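Here's the structure we're looking at; comments come further down.
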Amino acid sequence: MTSVPGRPLLFLDVDGPLIPFGSPPSDHPQTVTAPSPPSPGHGNPLLTRLDPGLGARLTALGCDLVWATTWTEEANEVVSPRIGLPRLPVVEWPASPADEGPHGLHWKTRCLVEWADGRPFIWVDDEITAMDRLWVDAAHPGPSLLHRVDPAVGLEDADFRVLTEWLEAVTAHRAAG
């Protein structure tokens with residue numbers, strides 16, 4: 001959790017948004033590197049679906065990036081190097097989050113609102129529902145964007161346009177405020 005005012009947060013899920021479940025993309029080059037020692041997740045065949053250009057695009061948004069994934073610290077060890085991100089903070093999930101909140105509320109939602117602690121935030125995930133949006137609107141005092149990504153294709157240009165437009169609006173509002 002944080003209470004330091006600053007740039008908006010971007011809570012980022014891995015499975016779905018960064019590793020799409022559909023056919024492997026053919027429009028981004030696969031990075032060819034020399035063999036390296038095995039690392040956690042090294043044998044996961046879905047890692048080849050990571051777009052190595054995503055890190056630069058996410059960083060360019062100007063948010064404080066935070067892993068909000070069940071990969072937890074493994075996202076830093078396995079995903080970050082493959083997409084060009086530095087080590088990021090990781091949301092730590094409660095031991096048994098499933099029964100908290102109203103029916104249909106994602107188990108991550110309450111924890112992300114608490115972690116944001118009033119700061120503007122974006123949550124990028126493939127499991128966001130209308131209930132999550134309603135709950136965040138009622139429970140979070142700052143601006144928020146809950147952006148659902150199509151898990152078959154992952155983050156695309158259209159998603160980045162939505163994120164950029166929201167961030168520009170929040171920045172303009174804060175500058176005028």
Check your understanding: Once the dipole of the range 89-177 is set up with Lys and Arg at +1 and Asp and Glu at -1 on Cβ about the Cα centre, which of V170, F160, L112 lies farthest towards its positive end?
Key -> V170
Point to revise | Two-site label geometry, W107 and L47: point separation in nm, points 7 Å out along Cα→Cβ | key: 2.5 nm
Check your understanding: Check L10: other-chain or 5+ apart residues with amide H under 5 Å from its amide H, H built from backbone geometry?
Key -> D64, L65, V66, I122
Study note, to complete from the structure: Toy charge model, Lys and Arg Cβ at +1, Asp and Glu Cβ at -1: the range 137-177 dipole around Cα centroid in debye, rounded to 20, equals 200 debye
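So with the 1.4 Å probe, I'd like the accessible area per residue for the range 82-177, rounded to whole Å².
Numbers: 5130 Å² over 96 residues.
Per residue, the range 82-177 has 53 Å² of solvent-accessible surface.
The values are calculated or read from the model by the stated rules, or taken from the named source; none is laboratory data. Nothing here was measured: the structure is a model prediction, and the numbers come from that model. Using ideal geometry, Cβ is built from the backbone for each residue, glycine included, and neighbour counts are taken over all protein chains shown. Surface accessibility is based on the protein's heavy atoms, side chains included, excluding ligands, DNA and RNA. Shrake-Rupley method; radii C 1.70, N 1.55, O 1.52, S 1.80 Å.
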